[in-house]
Amino acid sequence: MSAPLLQLQNIVVEHARRSVLDVPCLDILPNEVLAVVGPNGAGKSTLLRIIGLLEQPSRGKVLFAGRPISGSPLSFRRRMAFVFQEPLLLDTSIEGNVRTGLSLRGVPANDRQRRVEEWTTRFGIAGLGRRSARTLSGGEAQRTSLARAMVLEPEILLLDEPFSSLDAPTREALIDDLDAVLTSKRVATVFVTHDRAEALRLGDRIAVLMGGKVRQLGTAAEVFSSPVDSEVAAFVGVETIVPGRIREVSSGLASIIVGENTIEATTELPPGSDVLVCLRPEDVTVSGLADATLMSARNRLRVAVTRVRPAGPYVRMELDAGFNLVAHITKQSLEELAISPGANAIASFKATAVHLIPHRPG
Amino acid sequence: MDLIWDGVTEALRLIFSGNGYVYEVTFTSLLVSGSATLIALVLGLGIASFLAFRAPPGRTLALSAFNAGMALPPVAVGLLVSIMLWRTGPLGQLHLLYSRTAIVIAQAVIATPVVAALSTAALQGLNPNLRLQVLALGASRWQAALLLFREARLSLLAAGMAGFGAAISEVGATIMVGGNIKGSTRTLTSAIVLEVQQGDFETAIALSFILLAVILGIITVFTMLQQRRPPA
């Protein structure tokens, strides 16, 4: 693994004597996109301001390329770029906005113009260059803000929920463009968002920040498939979280008692362990009673459908299996199943789809 | 109405006949009020930046003081500055009483709270993240302040105009600390008071029209600056 570009060591931030951030250690690696996800008020923006040297921590150290930052942070700040949730454009033209950081950093005039043209073109705003920033749409303004950051050729790019105020089509188009830029430039990026889908799409590693603490840090697969606790699980989209106890384990396959049901899951935990059984809704398949024999999944539960409602491209189905079970199925599947609330069905899922979290009942 | 009409006619005659007295008091007014406004802008913008961007403890108290300062009675300021500059006062050794500098000091004391209070409100009205964005673009503290002043220029120029208005229209403190000495500390406002006291209403009205014309001209320049589109 390469040496970290930026390191946070024992960072504590207190506002009005209340701890809002407590991060013992966090490394930003070269060429990686670190997505920081968490609910509102988790401390994500504070974390980003600390990394961007825009706020002093109450305690702890920030190291840039191994060097602790002391005194004026200006020279270090000039090696980074920051994009906020709002575009925060200055009252000048688009080109003027994109050029501002270059002027402040003392980039020679001829180089400035070349870079402004390159990045306004890459973000699709070259034709708008002389327009006043006050006349832009939300999407155009955020494109300008991203171009203004990338034109600085930063060593670290910091993005604070840059897509959250955009409508869905604009957001999708801009994420595509940013994804292409990050893939080609491989600039180390810290991307803060509360949107799991955005984090999955752009992040190489994902940090889950809750209550000012990094609760889990790992690859997208690790965080989304193996959350460390029930709160992280709920935040990353696990909708079924129920307590159970491992009855026996044979060749890594455990039988877990959950209410009246027995569920099979892969685990290294010993028999007798109390656990939380976690299941993502997209891992649960629903079928009619007659189709049950055709399924290969190890877990098949007879359920009653309690609620069916649209959820974006899916249909969210709430099932009563003696415990609440949630499944996401396609609209086409729902039509084929012809199931409505009150009907019985079979819910199935693989043993490998079940994630177990050690749990102390209390 | 005849009196006012005669005043206007006399004003035009005084201006176009090249009357030395009128040009002299106008020059003195512009010099002392321009200097006082400049001082008020430097101090006021410094105070406003400190209060708006640093948010020091006691900011509300300080802001209350500057807001109250906008209603500072000029005669009280005149009295205070007179006491300070009086021969036996703390700054008596500077021998500034009854000088143009004394008027500049008094007018600056009157205009500074106006500029400071209105400028603080203007800078506090900016998006708080805009300062962070400017710093993140690589601005030093000075560069950040200048960029933010440009963003708040409409309100800051209004604060400057209010400060200049408070300075040039001031009369009580000007007479107290300047002494209304012909050829030295007589300004348009103090000259008007003198002409009224002497019963020469025609000249007083003429000087008033000149004063209004000067204020209108300068405020128009400020307003043109204010309404100009920012450079790309």
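Which whole-number percentage describes the relative contact order of the stretch B:2-227, with Cα contacts under 8 Å and a sequence gap of 6 or more?
Answer for the stretch B:2-227 is 33 percent.
Given a 1.4 Å probe, show me the residues in the stretch B:115-138 buried by at least 30 Å² of accessible surface when comparing the whole protein assembly to the chain alone.
Output list: B:Asn127, B:Asn129, B:Leu130, B:Leu132, B:Gln133, B:Leu135, B:Ala136, B:Leu137, B:Gly138.
Could you please state how large a percent of the accessible area of the stretch B:73-183 is carbon and sulfur, counting protein chains only and using a 1.4 Å probe?
The nonpolar share, carbon plus sulfur, comes to 69 percent.
What does the average come to when, for each residue of peptide B:140-152, you count the partner chain Cβ atoms lying within 10 Å of its Cβ?
Going residue by residue through B:140-152 and averaging, the value is 2.
Zone of A:Ser2 (label point 7 Å along Cα→Cβ, backbone N under 11 Å): which residues in the stretch A:14-38?
Flagged as within label range: A:29-33.
For the protein assembly as shown, state the semi-axes of the equivalent ellipsoid (square roots of 5 times the eigenvalues of the alpha-carbon gyration tensor), sorted largest first and rounded to whole angstrom.
71, 25, 23
At 7 Å along the Cα-to-beta-carbon direction for both B:Leu154 and B:Leu216, put a label point, then send me their distance in nm to one decimal.
2.6 nm
For chain A, modelled as a Gaussian network with Cα springs under 10 Å, which listed residue fluctuates most, A:Ile69, A:Ile241, A:Ile156?
So, out of A:Ile69, A:Ile241, A:Ile156, the one fluctuating most is A:Ile69.
So which DSSP H runs in chain B come out at 20 Å plus along the axis (Cα) with average Kyte-Doolittle of at least 1.6?
Answer set is B:201-227.
Note down the accessible area of A:Leu279, probe 1.4 Å, to the nearest 10 Å².
Number for this one is 0 Å².
Please compute the net charge surrounding A:Thr266, taking Lys and Arg as +1 and Asp and Glu as -1 over other residues with Cβ under 11 Å from its Cβ.
Here the charged neighbours net out to 0.
Under 17 Å from a point placed 7 Å out from the Cα of B:Thr223 along the Cα-to-Cβ direction: which residues of the stretch B:152-166 have their backbone N that close?
Once the point is set 7 Å along Cα→Cβ of B:Thr223, B:154-166 turn out to lie under 17 Å by backbone N, inside the stretch B:152-166.
Take chain A, connect every pair of alpha-carbon atoms lying under 10 Å apart with a spring to form a Gaussian network, then pick out the residue of A:Glu161, A:Glu32, A:Glu260 with the largest mean-square fluctuation.
A:Glu260
Summarise the partner chain shielding of A:82-92 as one whole number: the mean count of Cβ atoms from other chains within 10 Å of each residue's Cβ.
Per residue, the average neighbour count from other chains is 5.
If A:Ser137, A:Ser145 are ordered by their accessible area, calculated over protein heavy atoms with a 1.4 Å probe, which sequence runs from highest to lowest?
A:Ser137, A:Ser145
What are the lysines whose alpha-carbon lies under 23 Å from the alpha-carbon of A:Lys350, with same-chain residues fewer than 8 places away excluded?
A:Lys331
Sort B:16-24, A:8-16, A:90-98 for me by packing, meaning the mean count of neighbouring Cβ atoms within 10 Å per residue, highest on top.
Top to bottom by mean Cβ count within 10 Å: A:90-98, A:8-16, B:16-24.
Net charge near A:Ser164: determine it from the other residues with C-beta under 10 Å of the C-beta of A:Ser164, scoring Lys and Arg +1 and Asp and Glu -1.
Around A:Ser164, the surrounding residues sum to -4.
If Lys and Arg each add +1 and Asp and Glu each add -1, what is the summed charge of the other residues whose beta carbon sits under 13 Å from the beta carbon of A:Ile69?
Cβ neighbours under 13 Å give a net charge of +4.
For A:Arg307 and A:Glu153, what is the calculated FRET efficiency with R₀ set at 56 Å and r taken between the beta-carbons, to the nearest 0.05?
0.60
What distance in nm separates the simple spin-label points at A:Ser103 and A:Asp320, each placed 7 Å from Cα in the Cβ direction?
For the pair A:Ser103/A:Asp320, the computed spacing is 6.8 nm.
Sort the stretch A:1-71 into rounded, prolate or oblate with this rule: let a ≥ b ≥ c be the square roots of the eigenvalues of the Cα gyration tensor; rounded if a/c is under 1.5, and if a/c is not under 1.5, prolate when a/b is larger than b/c, oblate otherwise.
Note, shape of the stretch A:1-71 comes out oblate.
What ranking of A:Trp119, B:Trp5 comes out by heavy-atom accessible area, probe 1.4 Å, highest first?
Ranking A:Trp119, B:Trp5 by accessible area, largest first, yields B:Trp5, A:Trp119.
Which of the three applies to the stretch A:244-344, rounded, prolate or oblate, going by the alpha-carbon gyration tensor with a ≥ b ≥ c and a/c under 1.5 meaning rounded?
Judged from the Cα gyration tensor, the stretch A:244-344 comes out prolate (a/c at least 1.5, a/b above b/c).
Based on the alpha-carbon gyration tensor of the stretch A:135-198 and its eigenvalue square roots a ≥ b ≥ c, which shape applies: rounded if a/c is under 1.5, prolate if not and a/b is larger than b/c, or oblate?
oblate
When the solvent-accessible surface of protein heavy atoms is calculated with a 1.4 angstrom probe, in what order do A:Val214, A:Val275 fall, highest first?
The most accessible residue leads, giving A:Val214, A:Val275.
Looking at the stretch A:7-59, which trypsin sites (Lys or Arg not before Pro) are DSSP coil and have at most 14 other C-beta atoms within 10 Å of their C-beta?
Here the trypsin sites (Lys or Arg not before Pro) that fit, given the DSSP loop and packing criteria, are A:Arg17.
Can you list which of the trypsin sites (Lys or Arg not before Pro) found in the stretch A:67-176 are DSSP loop residues with at most 13 other C-beta atoms within 10 Å?
Those that pass, being in a loop and sparsely packed, are A:Arg130.
Suppose a student asked you for the relative contact order of chain A, using Cα pairs under 8 Å spaced at least 6 residues apart; what percent would you report?
Worked out over chain A, it gives 15 percent.
Return the percentage of antiparallel bridges among DSSP beta bridges fully within chain A, rounded to the nearest 5 %.
Bridges in chain A that DSSP calls antiparallel: roughly 80 percent.
Can you tell which of B:Ser64, B:Ser49, B:Ser82 shows the greatest fluctuation in a Gaussian network model of chain B with Cα springs below 10 Å?
For chain B, modelled as a Gaussian network with Cα springs under 10 Å, the answer is B:Ser64.
For helix A:138-150, what angle does its Cα long axis make with the longest principal axis of chain A, in degrees from 0 to 90 and rounded to 10?
It is inclined by approximately 70 degrees.
In nm, to one decimal, how far is the modelled label at A:Asp91 from the one at A:Leu63, with both set 7 Å along Cα→Cβ?
Reported label-point gap for A:Asp91 and A:Leu63 is 4.5 nm.
Exposed loop trypsin sites (Lys or Arg not before Pro) only (DSSP loop, at most 16 other Cβ atoms within 10 Å): please give the longest stretch of chain B free of them, not including the sites.
The longest such stretch corresponds to B:88-181.
Would you mind getting the accessible area per residue of the protein assembly as shown, heavy atoms of the protein chains only, 1.4 Å probe, in Å²?
Counting only protein heavy atoms, the per-residue value for the protein assembly as shown is 47 Å².
Using modelled backbone amide H atoms (1.01 Å from N, in-plane), which distant-in-sequence or interchain residues come within less than 5 Å of A:Phe82's amide H?
A:Leu158
Taking 0.36 nm per residue of separation and subtracting the Cα-Cα distance, what length does fully extending B:Ile181 through B:Ser17 add?
56.7 nm
The values are calculated or read from the model by the stated rules, or taken from the named source; none is laboratory data. These numbers were taken from a predicted model, which means no experiment stands behind them. Glycine gets a Cβ as well: all are built from the backbone with ideal geometry, and neighbour counts include every protein chain shown. Note: accessible area is taken over every heavy atom of the protein model, side chains too, but ligands, DNA and RNA are not part of it. Shrake-Rupley method; radii C 1.70, N 1.55, O 1.52, S 1.80 Å.
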